[in-house]
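Report on the following structure.
The values are calculated or read from the model by the stated rules, or taken from the named source; none is laboratory data. Because the structure is predicted, anything quoted here is derived from the model rather than measured. Using ideal geometry, Cβ is built from the backbone for each residue, glycine included, and neighbour counts are taken over all protein chains shown. Only protein heavy atoms, including side chains, enter the accessible area calculation; ligands, DNA and RNA are left aside. Shrake-Rupley method; radii C 1.70, N 1.55, O 1.52, S 1.80 Å.
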Amino acid sequence: MIESIRGGLEERVGVLAEAELVTDRRGVQVWRVTAGAGQRLAVKIATADSGGGRALGPRREVSVLRAIGQRTLSPRVPLVDGGVFTVTPWFDGSSTWEVFRAARGDRVPSAEERGRMLVAGVDFCRAVAELHEIGWSHGDLQAAHCVHAATGPRLIDFANAQGESPLPEGELNTPFSGGLAHLEAPELAAGGGATPTPASDVYALGGSLWVAASGQWPLDYSAVGVDPQAASLSELRAVIAEGRVPLNRAGTAVPSLLGVLAPALDPHPDNRPTADELARSLGAL
């Protein structure tokens, strides 16, 4: 699909030296591109037939990035066969998921590995806290959506982000379409027009770190007789919304970490710590 937009892309960034497909999911491709004077870029391509409004995701993400002051190379979102492609800087570095790999193994992580994980967890929390300070909630936090670059932690995938105020006129304003169900706070899983808040972000943040540290979803669905593989999305969200599923403490080589994360997964939003408070708790381990 990158060849279909090569002309329009090279007009903006120079001749493409290299293009690597990173992900291809549900009608949206992400490419890592090297162009011009060695600049590395993230190119997202969404076709018009992506379904469920997903073709609007990359376009809305650019609108959010502009609103929060991050750099984008898409002054006007170009069209490709009725869809869109967007261009943003590529952040080199490991994701939180990758940094926590040692915690998901069969052996106890070394002191050095444990230290790297805790630093990455703290940095992830602080990146989220900084986003909350400027009046925005991410809406789709996952361990793969924080990159630990040389310049510091960088959050990515802002298509679901919501601000305290609507995006400026002329930008793409769309309602929250839902994130990864297993990491959705009960108040979001319940639906009814709920939108992401700092408290729901903290739930997803704690859940993201829980999955990264254990390789397991944070909720123990088996305790309430639910098979997450067989349940429909609506059934899964209904169970999560009830807030009665216990936490799944299996699978990690660092159990003390799960103890710190547990308050972030409280089903009641007012009981959860802030992202900054969670960072301080992780930093104290």
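If the Cβ limit is 7 Å and pairs must be 6+ apart or interchain, which residue in region 226-237 that is touching a residue at least 40 places away in the same chain (Cβ under 8 Å) and under 19 Å from GLY191 (Cβ atoms) pairs with which residue that is among the aromatic types (Phe, Trp, Tyr) and outside any helix (DSSP H, G or I)?
PRO228/TRP217
Please indicate, with yes or no, whether at least one residue in region 191-203 is surrounded by fewer than 15 Cβ atoms within 10 Å (Cβ to Cβ), more than 15 Å from the chain's Cα centre (by Cα) and closer than 18 Å to THR96 by Cβ.
No, region 191-203 has no match at all.
Name the single residue, out of those in region 249-259 being without any contact (Cβ under 8 Å) to a residue 60 or more places away in the chain and either open to solvent by less than 30 Å² (accessible area, probe 1.4 Å) or basic (Lys, Arg) (or both), that is nearest to TRP210 (Cα to Cα).
Here the residue is LEU258.
Please specify each residue of region 124-139 satisfying the condition of being more than 26 Å from ALA253 (Cα to Cα), in contact (Cβ under 8 Å) with a residue 60 or more places away in the chain and open to solvent by less than 30 Å² (accessible area, probe 1.4 Å).
ALA129, LEU131, TRP136, SER137, HIS138, GLY139
Has region 6-14 got at least one residue that is farther than 22 Å from ASN160 by Cβ, part of a strand (DSSP E or B), open to solvent by less than 30 Å² (accessible area, probe 1.4 Å) and at pLDDT 75 or above?
No, because not a single residue in region 6-14 is farther than 22 Å from ASN160 by Cβ, part of a strand (DSSP E or B), open to solvent by less than 30 Å² (accessible area, probe 1.4 Å) and at pLDDT 75 or above.
Do you know which residues across region 144-190 are at pLDDT 90 or above, charged (D, E, K, R) and either exposed (fewer than 15 other Cβ atoms within 10 Å of the Cβ) or under 10 Å from the mean Cα position of the chain (by Cα) (or both)?
If the condition is that a residue be at pLDDT 90 or above, charged (D, E, K, R) and either exposed (fewer than 15 other Cβ atoms within 10 Å of the Cβ) or under 10 Å from the mean Cα position of the chain (by Cα) (or both), then ASP157 is the only one that fits.
Read through the list (1) at pLDDT 90 or above; (2) surrounded by fewer than 19 Cβ atoms within 10 Å (Cβ to Cβ), then give the number of the only condition that GLY121 fails.
So the condition that GLY121 fails would be (2).
Given the options THR47, THR72, THR96, name the one that is out of contact with any His (no Cβ under 9 Å at 6 or more places or on another chain) and modelled with pLDDT of 65 or more.
Criteria check complete, one pass: THR47.
Residue check: is VAL30 at pLDDT 75 or above, under 24 Å from ALA149 (Cα atoms) and either touching a Lys or Arg at 6+ places or on another chain (Cβ under 7 Å) or surrounded by fewer than 12 Cβ atoms within 10 Å (Cβ to Cβ) (or both)?
yes
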